Amino acid sequence: MTTELFYLLFTAILTGVLWVPVVTGKVLTRGPLKPSDYKVAPTSPLPDWVNRADRAQMNAAENFAPFAAVVLIAHAVGVSTSITEVSAAVYFYARTAHAVIHTTGFSLFRARTVLFTVAWAAFVAFAIDLLRHTI
């Protein structure tokens, strides 16, 4: 398994488990779902951390597909360079830190924005290096 696929796997696992704090917070706040909740979703207010965790999970899910695409394309065409390896690692660690910081509400120096930008810069570096080796 290449380094890029390794970090894609870990990013998939991270994205897959980020729903746990959201569901936990909703159940702790509103209790288990009742049959009527499946027809009309509850609208009672949630704690701020649950709303932040929900946004962090949605953000991770929305950004997973482009990252997965470039990693899988790189694997399919046989491109694995030091830049793609480092970019995949940076992307994973930045996404992990982004999710933790976003959920906890830590906002010193706009850390969420910085980490999101770092993750996307890693994605762009990966994509550019992939293009450079395939064109």
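Overview of results
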| read-out | value |
| --- | --- |
| Yes/no for V20 being hydrophobic (A, V, I, L, M, F, W, C) and more than 25 Å from L131 (Cβ to Cβ) | yes |
| Count of region 104-135 residues which are crowded, with 17+ Cβ neighbours inside 10 Å and basic (K, R) | 1 |
| Search result, residues across region 79-103 that are small (G, A, S), in contact with a Phe, Trp or Tyr (Cβ under 9 Å, 6 or more places away or on another chain) and crowded, with 19+ Cβ neighbours inside 10 Å | S87, A88, A94 |
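So that you can scan it fast, the table gives a plain yes or no per residue for (1) modelled with pLDDT under 90; (2) among the hydrophobic types (A, V, I, L, M, F, W, C):
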{"residue": "M1", "(1), (2)": "no, yes"}
{"residue": "V22", "(1), (2)": "no, yes"}
{"residue": "D37", "(1), (2)": "yes, no"}
{"residue": "D48", "(1), (2)": "no, no"}
{"residue": "R52", "(1), (2)": "no, no"}
{"residue": "A65", "(1), (2)": "no, yes"}
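The values are calculated or read from the model by the stated rules, or taken from the named source; none is laboratory data. Every value quoted in this text rests on a predicted model; they were computed, and no experiment measured them. Heads up, the Cβs are rebuilt from the backbone with ideal geometry, glycines too, and the neighbour counts pull from every protein chain shown.
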